[in-house]
C-alpha cells in the first residue's frame, strides 16, 4: 500500500510541476489526455520503470 501511495504521489507531483512550469511560461492548462500520456512515458523511462509495479489505473484517475 505504501509503494502504491508513493507512486501516485510521485506521478501527481511530477505532473503538477510540469503544469506549473507551463503556466509560468504563460501557456494554457495542459489537458488530461496529454498528462495521462506522460505516465506512459514515465513508465517506459529507465529511471522510473518502477512505476510499472503499481496499478496505473488508480494513479491516473481524477
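A short reminder: the numbers here are calculations on the coordinates, not readings from a lab. Every value quoted in this text rests on a predicted model; they were computed, and no experiment measured them. Here Cβ is always computed from backbone atoms with ideal geometry, including for glycine, and neighbour counts include all displayed protein chains.
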- prompt: Here are several values of Rg/Rh (Cα atoms, Kirkwood Rh): (i) 0.99; (ii) 1.32; (iii) 1.05. Which one was derived from the coordinates shown?
  reply: (i)
message: Taking 0.36 nm per residue of sequence separation and subtracting the Cα-Cα distance, how much length would be gained by fully extending the chain between residue 48 and residue 17, in nm to one decimal?
response: 9.5 nm
message: Using Cα-Cα distances under 8 Å and only pairs 6 or more residues apart, what relative contact order does the chain have, in percent?
response: 42 percent
Highest-fluctuation residue, 34, 52, 43 considered, GNM on the chain with Cα pairs under 10 Å: 34
- request: Let me have the 222 nm mean residue ellipticity of the chain computed from DSSP H runs of 4+ only, each contributing -39500 (n - 2.57), with the sum over all residues rounded to the nearest 500.
  value: -20500 deg cm²/dmol
task: Can you tell me the order of 2-11, 24-33 when each peptide is scored by its average per-residue count of other Cβ atoms within 10 angstrom, highest first?
output: 2-11, 24-33
